[in-house]
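Note sheet for the following structure.
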Amino acid sequence: PVPEQLLAVVLFTLVSWGADLKGSPYEVDVVGVIPAGLPTPTMPFLDIRDEGTILVSLLQPALVVAIVSYMVSISIVVKFGDKFDYEVDPNQELIALGAGNIAGSFFGCYPSCGSLSRSAVVGAVGGKDATPVHNLVQVAMVALTLLVLTPLFKPLPNAVLAGIIIMALRNMVDFETCKKLLKVSRGDAYLWMFTFLATISFGVQVGLIAGVVASLLWLVWQTARPWFAFLGRLPDTHIYRNTQRYSEANEIPGVLIFRFDSMVHFANKAYFRDILMAKERSFEREHGPGQLKAVIVEASGITGLDASGMLMLQSVLEEHEKRTPPVDVILTGCKGPARRALQNFGLKEAFGPDRQFENLHAAVRHIFRHNKDTNDDAGIILEGRSSEEQHPYDENGNLLRPVNGSNGQIQR
């Protein structure tokens, strides 16, 4: 490839030198004098007479610098790994950073980490063909420059260096990903925009920290307000789907089926309870007091419960038992961790065999068989028809619609 960056440096250095851009009337900021020569290796200074107070005082800032340096470096490595399709070993990157900083300490170097600007320049020049050998060439050129060539860069405008970095970073910003995120997940798209703006405004370190903090806050928000649904039965099937997504799904008379797609813990237990109670109040306004016979918690999406979540579930059970008439609370599809949590917390007897079912339809049939006040006009306790001609849905709950010109036959 054409070394555009090198050509730009040479060309504008000559222009700046020939036109004296540093002087009046242009007064352009230039690189200026660069100290020549290589640093002399020395042992890092440690005064053992201070009883380690310097080491203790440096421990906290050193830890912060180390964490931020590693986060910046690994984020750059992952970005380039995805772009140029190669595997990333985080342990190898950590060892390389540690070895480099240990070696640099003998030369009075600042703590180092991966450089997004320099990496972008290398990626723009060499792309996927760049190998670790370029580091050796780079080191040799830096050493040669420090020893011999530093006076030649004195008239180089700083704006040229900034332009090289900006042009190299242009290809690193993937706006197509942001467009896709806007269609798939607006929350992730907003995080992308926030991190991008923080990075270009305040630098990579601040942008990275801001992005991590914002991502954690977004994760907490999602965990505290997870997805939920109230389910209905697809006609002539044993399949239950979200009534908001499937207009064909019919609510079961006298029964609420509540699905909660998250672990139940201290951050979302109130959300769980509030949603359920709000739906029950809406049900009573629509059908009248005392018409709710049972609440089924479809727990296949609940991966576990902490202590506060189980206390909430216990209070919901006790509250429904005290109503007139009592309302059954039934669990279906509980996973192993949730069942163990209920057993360890002492709720195994409260949710006995008549209140725990593996199959949602079995729980619904149980309610209709054992509750004489429940209206079975929909034929819930009857076996659903099984032939595809009578079954308008497949095993995944997808509607099977007739296709024009197919003589009315059901097509997938």
Worksheet entry | Between 0 and 90°, nearest 10: helix 53-84 axis offset from the chain longest Cα axis | 80
Item to complete: Send over a whole-number figure in Å² for the accessible area per residue of the chain, probe 1.4 Å.
Response: 63
Fill in: Per-peptide average of other Cβ atoms within 10 Å, ordering 335-344, 277-286 highest first
335-344, 277-286
Item to complete: May I ask for the distance between the Cα centers of the range 94-118 and the range 230-306, given as a whole number of Å?
Response: 56
Worksheet item: Once Rh for the chain is found with the Kirkwood sum over Cα pairs, what is the Stokes-Einstein diffusion coefficient at 25 °C and 0.890 mPa s, in µm²/s?
Response: 87
Worksheet, complete the sentence: Given a Förster distance of 30 Å, the FRET efficiency implied by the Cβ-Cβ spacing of residue 307 and residue 63, rounded to the nearest 0.05, works out to 0.35
Fill in: Extension reserve of the residue 115-residue 54 stretch, reckoned as 0.36 nm per residue once the Cα distance is removed
19.1 nm
Item to complete: Give the angle, between 0 and 90 degrees and rounded to the nearest 10, that separates the Cα long axis of helix 4-19 from the longest principal axis of the Cα atoms of the chain.
Response: 40
Worksheet item: Based on the mean of other beta carbon atoms within 10 Å per residue, what is the order of 259-266, 22-29, most packed first?
Response: 259-266, 22-29
Item to complete: Work out how much length residue 175 to residue 131 would gain on full extension: take 0.36 nm times their residue separation and subtract the Cα-Cα distance, in nm to one decimal.
Response: 13.1 nm
Worksheet entry | Accessible area of the chain belonging to carbon and sulfur atoms, whole % at 1.4 Å probe | 61
Practice prompt. Would you mind putting 157-163, 205-211, 33-39 in packing order, based on average other-beta-carbon counts within 10 Å, highest first?
Written response: 205-211, 157-163, 33-39
Response to the item:
Quick calc: nm separation of the 7 Å Cα→Cβ label points for residue 22 and residue 7 -> 2.7
Discussion item. Taking 19 Å as the cut-off for C-alpha to C-alpha distance, list the pairs among 279/335; 293/322; 22/154; 79/180 that go past it.
Written reply: 279/335
Worksheet item: Over the chain, what relative contact order in percent results from Cα pairs under 8 Å that are six or more residues apart?
Response: 12
Worksheet entry | Per-residue HN-Hα couplings for the range 26-32 [Karplus 6.51, -1.76, 1.60; θ = phi - 60°; Hz; x = Gly/Pro] | 7, 6, 7, 5, 10, 4, x
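The values are calculated or read from the model by the stated rules, or taken from the named source; none is laboratory data. These numbers come from a predicted model, not from an experiment. When we count neighbours, we look across all protein chains shown, and the Cβ atoms used for this are built from the backbone with ideal geometry, even at glycine. The area values use the complete protein model at the heavy-atom level, side chains included, leaving out ligands, DNA and RNA. Shrake-Rupley method; radii C 1.70, N 1.55, O 1.52, S 1.80 Å.
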